[in-house]
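Participant: Submitted below is the structure of interest, expressed as structure tokens.
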Amino acid sequence: MGFYEQILQFVLTGLTIGAIYALVALGFNIIHNATGIVNFVQCEFVTLGGMMMYTYYSLLGIPLILSFFLSMTTIILLGALIERGPIRVARSKAIIVLVFITIGLSSTIRGTALLAWGPDNVPLPSFSGENVIRILGAAILPQHLWIFGITIGVVIFLQYFFHRTLIGKAMRATAVNRKAASLMGISVNRMVLLSFAMSGGIGAVGGMIIAPITTTSYDTGIMLALKGFSAAILGGYGNNAGAIAGGLILGVLESLGAGLISSKFKNAFAFLILLLVLFFKPTGLLGYGESERV
Amino acid sequence: MKRGLLIILVLGFCMFSSGVSYGAEPIKIGAIFSLTGPGAHIGVAQRNSVLIAIDEFNKKGGVGGRPVEMVVGDDESDPTKAVMALRKMVETQPIVALIGPTRTDTGMAMIPTLEKEGIPTFMHAGGDVIITPVRKWIFKSPYRAADAMERIALYLKKHNLTKVGFLHASDGFGKDGAAIVDRLAAKHGFEVVAKETFDMKDVDMTAQLTRINARGPRAIIIWTIGPPMGITTKNARALGITVPLFQCHGGAEPIFFRLAGDAAEGVMMPSTKIVVADKLPDTDVQKKKLVDYIKEYETRFKDVPGTMVAYGADAAYLLLEAIKQAGPDRAKIRDALEGMKGYVGLSGIYNLSPEDHTGTTAKDIALVKAEKGRFILVE
Amino acid sequence: MGISEVILKVDHVRKFFGGVAALNDVSFEVNRNEITAIIGPNGAGKTTLINLITGIYPPTSGKIVFERKTISRLKPFHIAYQGITRTFQNIQVFHNMTVLENVMVGLHTQTESEFLNCLLHLPKVKREERQVAEEGASLLRFFHLESKSDWLSSSLPYGEQKRLEIARALAGKPKLLLLDEPVAGLNIRETEEMAELILKIKKMGITIILVEHDMNLVMGISDKITVLNYGQKISGGTPEEVQKDPKVIQAYLGEE
Amino acid sequence: MRNRFKFMAPFTQKKETLFLIIFALGIVLIPLFVKNKYYFMVMNIVGLNTIVVIGLNLLIGFTGQISLGHAAFYGMGAYLSAIFTTTYGFPPWPTIALAMIITGMVAYFVGYPSLKLKGHYLVMATLGFSIIVHIFMVELDQITGGPSGFPGIPHLSIGKLVFHDDLKNFYLIWTFAFLCILVSLNLVNSRVGRALKAIHGSEVAANTLGIDTDKYKAKVFVLSAIFASLAGSLYAHYITFISPRSFDFYYSIQVVTMVIVGGMGSVWGAFFGAGLLTVLSEILHVTEKFNIIIYGAILTLVLVFLPEGMVVGFYSFYRRRKVKTLIEKEGN
């Protein structure tokens, strides 16, 4: 394998994992824009996506496509449940308290997943076979194509939703100014509910499409989600285009870093980038998705 | 108010201390495993393996009629918790010996206490640091990593595969392996053309494998346990790598096929004979013991035992044998362990001595290959 | 009116938020020991102006001079040390602290114990603590809040929270006090009390900038008035002059 | 909505002195009644956690800034002490101070840039930082011993007195815990303490009153890191073995939970939270797998229903009732 083929290989694998980071980053953004909090349950959305699909497909024998959508629906409901439950019931709405609540929930769900599925990694079948595809000397799996395809699909859907539908526009309005939005007759609570449901769905999709490559277990979501968050910061926290760019860039940088520099500190790259961005360009590559409020 | 809290706290401690009093009848041995946390998938299997050994021992009459009872502790794969679990056990239970723990770091954390208290201990942890230098009270049952890799080196030599790529996890086990491979390369005359590392939580090792593959190795050794076994195998196959792949001596587990899927086909690894017991020649002295054990394990836990189970069981068997010989006395048990010669275990023939607290050699190790969802004996 | 000394000068100040001008080329002066009111319809940029003077954000261009010193690039805490304190339109008392503690925080600029001294509780800290507690208590007496000094500030009724916020701002011994809608949400009796209070503060020799919608109050107690509309100054002068200004009547009073 | 998130200034100075005396007496007297080494070990771990949690509470509870990276500072203290004393033969006590200084400086570089930003960027900066530190602990195995850990750390000693058993370490650790409680109480009942609480209450308002909020936030962050470093050093010299697993993300979550359960903004609450959760997780041992769920559930439930934490929560309930009766009396 020549040098350029190697580079191509790194970039392609980087883009695949980067697509997952991008999805997770979008999930973080949507909730951040609606509520201003960092939602740590995002880790569990990713994990549960994969685990539910494993349950439906491998344990219950439901067809793959049906399992995919069933699993997504389950996590969407879970997201909604979390908002309707602890987040809305909470006696204090201080940001710091809500963030900690999501940390607590994340722990609880992870523990439950451990009980339900045990500590072992479980596999998911690829959506369409495992025959290696060669592109200019680099090798990828059909599943990689699925990851690209589905990620693009999700992005197009979100673009349409936020810019072409009334409810999507209402969500954007809420993000810009909660008070004004509620004065305009938008139910802020409903927007928050919707944001949790959507993040759940997007996170679950990320978890499901990566699982056939990496297998999945009760705690796979943590690392993916933390890197997804780094991606969100890199792109500009709250900015959806930034999330996608950030995710892809992070994935490629990580892969190139591991491939060309040293695999020893591969996982440190993402967080090093996170720190550097926070120190030198806190608005991220594409800036904040919302205006400053005092 | 505050005083009230203090009282509650003190009461809490006292509730602990009331303790549980048993009759002096059973001989107690401690057993600490990683039943939760990152080491759990091994820890649970090892607990099961020890349970079988102890029940079998008690059925045969125990130590002159006295049964052996196992006191189980969980170290949560955490060194601090491991020491706490050990202290608790030492303080509350009259244990004469200890089995476990599962992980190298939890084992290392427990060593100062074990040495100070003088508790003969048979560990399940893989890291050779545990028995280098040899410590008075500490033994371990898994093969030395060096022996296991030597088994692979012998294969490489035989098939004249002189250029080797090495991929390892960044945990203690993986790093041990990275040091050993250099030593063996010199000894057996092969060259390590690339050496790469990954984190246990990584989900994609394509970059590392691409780098290795670019150096044109004739064989690739992957040194890790757990989920990365599957991911690395899959990644290697996805990259179209066709040279022989080796996993480590912890890999021959049923879960390997689930993790690696179709990619598992043809991957080789050193292993205990437990995974190929039915294919052993009848002349093999371990065969009967292995077959019986497997039957018992399968009926009791509805699961197929992997190579880790064999290590766990051997630790228990050896310790029980020593207790039988020496009676419930810590120092005597230790001496008996050190004098154990030619003991036929599941993982090999153990010859322990003051210089060797593991007791197996490369000869005891089988090289197996994954084929159609089963392991077969290579040589 | 005699020759008065200018204490604060706002000089051609602009503030843009993402291309939108919140303030466009605003200039005015505040005389020492006067009450200067800033009025204007909603969105005129009054609060933005206060935020600029107190350093919450820097002006896009132009400068603000306080006692001959340019303060337009200073951070809020620096400006507090220069002798400018303020209250907020939406009350910002520290809900997590008692009434007395709130005022004691206001005395921050008057004291100097830092981390190390405080950790070790050196004699100097003890002395300072006693002094701060006494001063705080006397301020609370002045504002008729002494009976509630160990209440959590969030449990005070609204009007008292407003008074507390002024007490806290006053604790810093400011030369210039900025009041952002001090009587918004108060009933008539409370408003009258507040007017008296503001005049009392003026008598202490403190210059006051007042942002307010209540025209009776503004016309009653102000010495000067600056009128803003759409981020621009449209008028300024004594209450009588402003009231007669046709531009003001059109832009502001005409509305009502 | 916001003012429902109430804190009480929980204890008066006089009461605090009383508590300190009771606390000190407790430290002296407990060894007379307890003989079991395991209980001492549990109490010692409580003590170490108390030191970390008190520092963290100054940051989270008083100043309202979230850190998920204190495991890293705890680990830095432990590793710096271990490496300098064991590998390079430095004397232990000065090394502890050196570790505190280094950790403090590192904390400043991590904290200051993210604390200047609006919003909760510190959470992620600290989280990212702690993961990087963890990776370094694992990867720099020549220095740190890597994932297998770092054995053979010497016990602390003063002259001929070697702190080699659980009881001696009990006195050592709790003396430090006592000192930490003492200085923290000093701090919170002072100009600086009020400034920190003011930042939590309203950062903008605090700033306009002359408080250099960026500086204070950075300083209290550094202080909390120094506390954690101290605890880490004591831990290393007590257990004599350290490995990266003890300083991972879960430890950060654990101490944060202790802060919250004990009560944000209460020094004594920090002690209570550390004690309750450390003991609880030992009792819960029986239930193995349920541990992590119970931890999470406690965190969630306390936050949803008692956001002030258990100590302050119950206390403020009691205070509120008292205030209510006072008002009723006034009415009569």
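The values are calculated or read from the model by the stated rules, or taken from the named source; none is laboratory data. Just so it is clear, the structure is predicted and the values come from calculations on it, not from any experiment. Please note: Cβ atoms are built from the backbone with ideal geometry, for glycine as well, and neighbour counts cover all protein chains shown. Keep in mind that these areas ignore ligands, DNA and RNA; they rest on the heavy atoms of the full protein, side chains included. Shrake-Rupley method; radii C 1.70, N 1.55, O 1.52, S 1.80 Å.
Participant: Say whether the condition of being more than 8 Å from every other protein chain (Cβ to nearest Cβ), touching a Leu at 6+ places or on another chain (Cβ under 6 Å) and surrounded by 24 or more Cβ atoms within 10 Å (Cβ to Cβ) is met by at least one residue in segment A:220-230. Give the derivation first.
Facilitator: We begin by selecting, within segment A:220-230, every residue more than 8 Å from every other protein chain (Cβ to nearest Cβ); these are A:221, A:225, A:227-228.
Now narrow it down to the ones that are touching a Leu at 6+ places or on another chain (Cβ under 6 Å): none.
For segment A:220-230, residues more than 8 Å from every other protein chain (Cβ to nearest Cβ), touching a Leu at 6+ places or on another chain (Cβ under 6 Å) and surrounded by 24 or more Cβ atoms within 10 Å (Cβ to Cβ): absent.
Participant: Then there is this: Would you point out which residue out of D:Ser184, D:Ser157 is surrounded by 20 or more Cβ atoms within 10 Å (Cβ to Cβ) and small (Gly, Ala, Ser)?
Facilitator: Details: D:Ser157 fails: surrounded by 20 or more Cβ atoms within 10 Å (Cβ to Cβ).
Criteria check complete, one pass: D:Ser184.
Participant: If you don't mind, another one. Residue by residue through segment B:338-358, note down the ones that are without any contact (Cβ under 8 Å) to a residue 24 or more places away in the chain and not hydrophobic (A, V, I, L, M, F, W, C).
Facilitator: Step one: list which residues in segment B:338-358 are without any contact (Cβ under 8 Å) to a residue 24 or more places away in the chain, which gives B:338-342, B:351, B:353.
Correct list: B:Glu338, B:Gly339, B:Lys341, B:Gly342, B:Asn351, B:Ser353.
Participant: OK, next. Which residue, of D:Phe241, D:Phe271, is at pLDDT 85 or above and touching a strand residue (DSSP E or B) at 6+ places or on another chain (Cβ under 9 Å)?
Facilitator: Values: D:Phe271 fails: touching a strand residue (DSSP E or B) at 6+ places or on another chain (Cβ under 9 Å).
Being at pLDDT 85 or above and touching a strand residue (DSSP E or B) at 6+ places or on another chain (Cβ under 9 Å) holds for just one of D:Phe241, D:Phe271, which is D:Phe241.
Participant: Going by the conditions given, is B:Pro38 more than 22 Å from the chain's Cα centre (by Cα), surrounded by fewer than 23 Cβ atoms within 10 Å (Cβ to Cβ) and in contact (Cβ under 8 Å) with a residue 12 or more places away in the chain? Can you show your working first?
Facilitator: Working: more than 22 Å from the chain's Cα centre (by Cα): no; surrounded by fewer than 23 Cβ atoms within 10 Å (Cβ to Cβ): yes; in contact (Cβ under 8 Å) with a residue 12 or more places away in the chain: yes.
Against the criterion (more than 22 Å from the chain's Cα centre (by Cα), surrounded by fewer than 23 Cβ atoms within 10 Å (Cβ to Cβ) and in contact (Cβ under 8 Å) with a residue 12 or more places away in the chain), B:Pro38 does not qualify.
Participant: Please list, ordered by residue number, the strands (runs of 3 or more DSSP E) wholly in segment B:135-247 having 1 or more residues that are open to solvent by 30 Å² or more (accessible area, probe 1.4 Å) and within 14 Å of chain D (Cβ to nearest Cβ). Please lay out each step first, then the result.
Facilitator: On the way: elements: B:138-140, B:163-169, B:191-198, B:219-223.
Output list reads B:191-198.
Participant: Restricting segment C:175-219 to residues that are within 19 Å of C:Gly83 (Cα to Cα) and assigned to a loop (DSSP other than H, G, I, E, B), which is least open to solvent (accessible area, probe 1.4 Å)?
Facilitator: C:Ile206
Participant: Among the residues that make up segment A:193-202, is at least one of them over 20 Å from A:Leu145 (Cα atoms), within 14 Å of chain B (Cβ to nearest Cβ) and open to solvent by 10 Å² or more (accessible area, probe 1.4 Å)?
Facilitator: no
Participant: Only one residue in D:Leu25, D:Leu117, D:Leu56, D:Leu32 is out of contact with any strand residue (DSSP E or B) (no Cβ under 6 Å at 6 or more places or on another chain), free of Cβ contacts under 8 Å to residues at least 12 places away in the same chain, under 22 Å from D:Ile211 (Cβ atoms) and aliphatic (A, V, I, L, M). Which one? First the steps, then the outcome.
Facilitator: Values: D:Leu25 fails: under 22 Å from D:Ile211 (Cβ atoms); D:Leu56 fails: free of Cβ contacts under 8 Å to residues at least 12 places away in the same chain; D:Leu32 fails: under 22 Å from D:Ile211 (Cβ atoms).
Checking each option against the conditions leaves just D:Leu117.
Participant: Just give me the residues in segment B:56-80 being at pLDDT below 85 and in contact with a strand residue (DSSP E or B) (Cβ under 6 Å, 6 or more places away or on another chain), in sequence order.
Facilitator: Within segment B:56-80, none qualify.
Participant: With the checklist (1) over 22 Å from A:Ser71 (Cβ atoms); (2) in contact with an Asp or Glu (Cβ under 7 Å, 6 or more places away or on another chain) in hand, flag the one item A:Ile233 doesn't pass.
Facilitator: (2)
Participant: Continuing with this model, one more query. Within segment B:90-107, how many residues turn out to be surrounded by fewer than 24 Cβ atoms within 10 Å (Cβ to Cβ) and facing chain D (nearest Cβ under 8 Å)?
Facilitator: Qualifying residue count for the region: 3.
Participant: Only one residue in C:Glu241, C:Glu192, C:Glu160, C:Glu146 is of a type in the set (D, E, K, R) and under 30 Å from C:Ala22 (Cα atoms), so which one is that?
Facilitator: Numbers: C:Glu192 fails: under 30 Å from C:Ala22 (Cα atoms); C:Glu160 fails: under 30 Å from C:Ala22 (Cα atoms); C:Glu146 fails: under 30 Å from C:Ala22 (Cα atoms).
Going through C:Glu241, C:Glu192, C:Glu160, C:Glu146 in turn, the sole match is C:Glu241.
Participant: On the given criteria, is A:Gln143 more than 14 Å from chain B (Cβ to nearest Cβ) and either part of a loop (DSSP other than H, G, I, E, B) or closer than 19 Å to A:Ala19 by Cα (or both)?
Facilitator: On the way: more than 14 Å from chain B (Cβ to nearest Cβ): no; either part of a loop (DSSP other than H, G, I, E, B) or closer than 19 Å to A:Ala19 by Cα (or both): yes.
No, not satisfied.
Participant: Just checking, which of A:Val176, A:Val188, A:Val252 is open to solvent by less than 40 Å² (accessible area, probe 1.4 Å) and away from chain D (no Cβ under 14 Å)?
Facilitator: Numbers: A:Val176 fails: open to solvent by less than 40 Å² (accessible area, probe 1.4 Å); A:Val188 fails: away from chain D (no Cβ under 14 Å).
Among A:Val176, A:Val188, A:Val252, only A:Val252 is open to solvent by less than 40 Å² (accessible area, probe 1.4 Å) and away from chain D (no Cβ under 14 Å).
Participant: Sticking with this one: Given the criteria over 10 Å from the mean Cα position of the chain (by Cα), aliphatic (A, V, I, L, M) and modelled with pLDDT under 90, does D:Val42 qualify? Working first, answer last.
Facilitator: Values: over 10 Å from the mean Cα position of the chain (by Cα): yes; aliphatic (A, V, I, L, M): yes; modelled with pLDDT under 90: no.
No, not satisfied.
Participant: How many residues are open to solvent by 10 Å² or more (accessible area, probe 1.4 Å), within 12 Å of another protein chain (Cβ to nearest Cβ) and outside any helix (DSSP H, G or I) when one looks only at segment A:264-288?
Facilitator: Summing the residues that are open to solvent by 10 Å² or more (accessible area, probe 1.4 Å), within 12 Å of another protein chain (Cβ to nearest Cβ) and outside any helix (DSSP H, G or I) in segment A:264-288 gives 7.
Participant: Next question. Restricting to segment D:157-174, name every residue that is more than 18 Å from B:Lys88 (Cα to Cα), assigned to a helix (DSSP H, G or I) and among the hydrophobic types (A, V, I, L, M, F, W, C).
Facilitator: Across segment D:157-174, the qualifying residues are D:Leu172, D:Ile173, D:Trp174.
Participant: Right, another one. Got a number for residues in segment C:47-90 being open to solvent by 10 Å² or more (accessible area, probe 1.4 Å), under 12 Å from the mean Cα position of the chain (by Cα) and touching a residue at least 40 places away in the same chain (Cβ under 8 Å)?
Facilitator: Residues flagged as open to solvent by 10 Å² or more (accessible area, probe 1.4 Å), under 12 Å from the mean Cα position of the chain (by Cα) and touching a residue at least 40 places away in the same chain (Cβ under 8 Å) within segment C:47-90 amount to 3.
Participant: Limited to segment C:151-189, what total is found for residues that are more than 29 Å from C:Tyr81 (Cβ to Cβ) and at the interface with chain D (Cβ under 10 Å from one of its Cβ atoms)? Spell out the reasoning first.
Facilitator: Applying the first criterion (more than 29 Å from C:Tyr81 (Cβ to Cβ)) to segment C:151-189 yields C:151, C:155, C:157-159, C:185-189.
When the remaining residues are screened for being at the interface with chain D (Cβ under 10 Å from one of its Cβ atoms), the result is C:151, C:155.
Residues in segment C:151-189 being more than 29 Å from C:Tyr81 (Cβ to Cβ) and at the interface with chain D (Cβ under 10 Å from one of its Cβ atoms): 2 in total.
Participant: Being among the aliphatic types (A, V, I, L, M) and under 13 Å from B:Gly100 (Cβ atoms) is the filter here, so list the residues in segment B:55-75 that pass it.
Facilitator: B:Met70, B:Val71, B:Val72
Participant: In the list D:Tyr295, D:Tyr216, which residue meets the criterion of being part of a helix (DSSP H, G or I), more than 11 Å from chain A (Cβ to nearest Cβ) and more than 11 Å from the chain's Cα centre (by Cα)?
Facilitator: Working: D:Tyr295 fails: more than 11 Å from chain A (Cβ to nearest Cβ).
On inspection, the qualifying residue turns out to be D:Tyr216.
Participant: Looking only at segment D:147-155, decide whether some residue is assigned to a helix (DSSP H, G or I) and not aromatic (Phe, Trp, Tyr). Lay out the reasoning, then the answer.
Facilitator: Applying the first criterion (assigned to a helix (DSSP H, G or I)) to segment D:147-155 yields D:147-148.
If we keep only those that are not aromatic (Phe, Trp, Tyr) too, we end up with D:147-148.
Yes, segment D:147-155 contains a residue that is assigned to a helix (DSSP H, G or I) and not aromatic (Phe, Trp, Tyr).
Participant: I'm trying to understand the selection: among the residues of segment A:164-214, which are assigned to a helix (DSSP H, G or I) and among the β-branched types (Val, Ile, Thr)? Talk me through it step by step, then tell me what you get.
Facilitator: Taking segment A:164-214 and keeping what is assigned to a helix (DSSP H, G or I), we get A:164, A:166-176, A:178-183, A:188-214.
Hits for segment A:164-214 are A:Ile167, A:Thr174, A:Val176, A:Val188, A:Val192, A:Ile202, A:Val205, A:Ile209, A:Ile210, A:Ile213, A:Thr214.
Participant: With respect to C:Thr36, is the statement that it is of a type in the set (S, T, N, Q) and in a helix (DSSP H, G or I) true?
Facilitator: Working: of a type in the set (S, T, N, Q): yes; in a helix (DSSP H, G or I): no.
Against the criterion (of a type in the set (S, T, N, Q) and in a helix (DSSP H, G or I)), C:Thr36 does not qualify.
Participant: Another question about this same structure. Using the structure shown, decide if B:Ala53 is open to solvent by less than 10 Å² (accessible area, probe 1.4 Å), at pLDDT 90 or above, outside any helix (DSSP H, G or I) and more than 8 Å from every other protein chain (Cβ to nearest Cβ). Reasoning before the result, please.
Facilitator: On the way: open to solvent by less than 10 Å² (accessible area, probe 1.4 Å): yes; at pLDDT 90 or above: yes; outside any helix (DSSP H, G or I): no; more than 8 Å from every other protein chain (Cβ to nearest Cβ): yes.
Spelling it out, it is not the case that B:Ala53 is open to solvent by less than 10 Å² (accessible area, probe 1.4 Å), at pLDDT 90 or above, outside any helix (DSSP H, G or I) and more than 8 Å from every other protein chain (Cβ to nearest Cβ).
Participant: Return only the number of the condition from (1) in a loop (DSSP other than H, G, I, E, B); (2) within 14 Å of chain A (Cβ to nearest Cβ); (3) of a type in the set (A, V, I, L, M, F, W, C) that B:Val285 does not satisfy.
Facilitator: Every condition holds for B:Val285 apart from (2).
Participant: Also, quick follow-up: Give me the helices (runs of 4 or more DSSP H) completely within segment A:27-125, filtered to those with at least 3 residues that are within 8 Å of chain D (Cβ to nearest Cβ) and not aromatic (Phe, Trp, Tyr), ordered by residue number. Explain how you work it out, then say what you get.
Facilitator: Working: elements: A:42-54, A:64-82, A:95-117.
Qualifying helices (runs of 4 or more DSSP H): A:95-117.
Participant: Got a sec? Which of D:Tyr112, D:Tyr74 is at pLDDT 95 or above and hydroxyl-bearing (Ser, Thr, Tyr)? Walk me through it before giving the result.
Facilitator: Details: D:Tyr112 fails: at pLDDT 95 or above.
Among D:Tyr112, D:Tyr74, only D:Tyr74 is at pLDDT 95 or above and hydroxyl-bearing (Ser, Thr, Tyr).
Participant: What single numbered condition from (1) surrounded by fewer than 14 Cβ atoms within 10 Å (Cβ to Cβ); (2) within 21 Å of B:Phe256 (Cα to Cα); (3) not small (Gly, Ala, Ser) fails to hold for B:Lys279?
Facilitator: Every condition holds for B:Lys279 apart from (1).
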